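Asker: Quick one: structure below, then a few questions.
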Amino acid sequence: MIFVSRNQVAEPAILSRPFRGGKTETERAIDHYTNWDRKKQYSFSRYSETEVKDALETLFHGKCAYCESNFRHIAPEDIEHWRPKGAVILADGTEQKPGYYWLAATWSNLLPSCIDCNRRRRQEDVRDPANAQSGKQNLFPVADETHRWVKHDQANQNGEAPLLLDPCTDDPVDFIDVDDKGVVREAKPVGTQENDRARESIDVFGLNRSDLVDERKKQLALVKAICREIELNIRQVPFFPAGQMRDDTIAAIKTKLSELKAHQREDSPYLLMKRPVINAFVSRTAPDLVSLGIVI
């Protein structure tokens, strides 16, 4: 998970476009649940419009907002409601209906998610084998249930304190990091609010499910292999006199640096893990690269 500024993409106009009759989906949902007979749920549709999907895919560069996996070419994404729209699971495990119905068509509440982060199902957790269930679905833990936002007209004045991270509001680097085995961990000490929010987010989104950790390890191995090749070439250059061999070695360094930069692009998966490794490498080798006339 990395921070993504929502200001990079304009809010899709469809979300606030009135239906026939002159009311927006938010207004219609509020009307529905203001006089709800507790039988029929409102059928939301605006969030699933192509315009919204395209905007979210552009904003997150075809990656899951939570685990940073690429899904653009392999699987359809879920349009995820950070605050669940239809129902929410409370701290005691009971389900409360409706959920945050007034936010179902709100741009700031929508995120693209892979199926594994969004849908509740059994997943092997490499850090805690006893925790075999992950996926957000209707989970939205808060610090204090008595302060949960339950009505549209509360304007969140009841002080709801979400425990899940929002990658468009929170900067995940302040809460989580990734170790050299591809495992996501809490960045701050136990007992801090940052630790609580990190732990809940890791567990709910299933950020340490085994297949995901394996994929992060593969990506980290690729990055480290490129770094090793560059360092090897840097050490070789002084042994070559001016000529073709030296020029070819410097050219190889430049090629590998381009590959490394590709791993830092916004559409590259697992940037939370990759960026610190790449930045540390570039900082360490910068003097040698500059001495070879290579612009970083």
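The values are calculated or read from the model by the stated rules, or taken from the named source; none is laboratory data. Since we're looking at a predicted model, the values are computed, not measured. Here Cβ is always computed from backbone atoms with ideal geometry, including for glycine, and neighbour counts include all displayed protein chains.
Asker: Name the single residue, out of those in the range 43-100 being aromatic (Phe, Trp, Tyr) and touching a residue at least 60 places away in the same chain (Cβ under 8 Å), that is surrounded by the most Cβ atoms within 10 Å (Cβ to Cβ).
Answerer: In this case the residue turns out to be 66.
Asker: So, in the range 203-228, exactly how many residues are modelled with pLDDT of 95 or more and either among the small types (Gly, Ala, Ser) or at positive phi (or both)?
Answerer: The qualifying residues number 2.
Asker: If only one of 153, 170, 177 is part of a loop (DSSP other than H, G, I, E, B) and either touching a His at 6+ places or on another chain (Cβ under 9 Å) or not hydroxyl-bearing (Ser, Thr, Tyr) (or both), which one is it? So that I can check it myself, show each step before the final result.
Answerer: Working: 153 fails: part of a loop (DSSP other than H, G, I, E, B); 177 fails: part of a loop (DSSP other than H, G, I, E, B).
Checking each option against the conditions leaves just 170.
Asker: List the number of the failed condition for residue 240; all other conditions in (1) modelled with pLDDT of 95 or more; (2) surrounded by 14 or more Cβ atoms within 10 Å (Cβ to Cβ); (3) over 27 Å from residue 120 (Cα atoms); (4) among the hydrophobic types (A, V, I, L, M, F, W, C) hold.
Answerer: (1)
Asker: So which residues in the range 260-283 are of a type outside the set (A, V, I, L, M) and out of contact with any helix residue (DSSP H, G or I) (no Cβ under 8 Å at 6 or more places or on another chain), if there are any at all?
Answerer: If the condition is that a residue be of a type outside the set (A, V, I, L, M) and out of contact with any helix residue (DSSP H, G or I) (no Cβ under 8 Å at 6 or more places or on another chain), then 261, 265, 266, 267, 275, 276, 279, 283 are the ones that fit.
Asker: A further question on this structure: Which pairs turn up if I take residues in the range 270-296 that are among the acidic types (Asp, Glu) and look for partners that are not in a helix (DSSP H, G or I) with beta carbon separation below 9 Å, at least 6 apart in sequence or on another chain?
Answerer: Note: pairs meeting the criteria are 288/294.
Asker: Answer yes or no as to whether residue 136 is surrounded by 21 or more Cβ atoms within 10 Å (Cβ to Cβ) and in a loop (DSSP other than H, G, I, E, B).
Answerer: Taking the combined requirement at face value, the residue satisfies it.
Asker: Going by the structure shown, is residue 224 farther than 22 Å from residue 113 by Cα, in contact (Cβ under 8 Å) with a residue 12 or more places away in the chain and part of a loop (DSSP other than H, G, I, E, B)?
Answerer: Taking the combined requirement at face value, the residue does not satisfy it.
Asker: Failed condition for residue 166, given (1) modelled with pLDDT of 90 or more; (2) farther than 22 Å from residue 187 by Cα; (3) among the acidic types (Asp, Glu), with all others met?
Answerer: Evaluating residue 166 over (1) modelled with pLDDT of 90 or more; (2) farther than 22 Å from residue 187 by Cα; (3) among the acidic types (Asp, Glu) leaves (2) as the failure.
Asker: For residues that are modelled with pLDDT of 95 or more and either on the phi > 0 side of the Ramachandran plot or touching a Ser or Thr at 6+ places or on another chain (Cβ under 7 Å) (or both), tally how many sit in the range 65-98.
Answerer: Total satisfying the criteria: 3.
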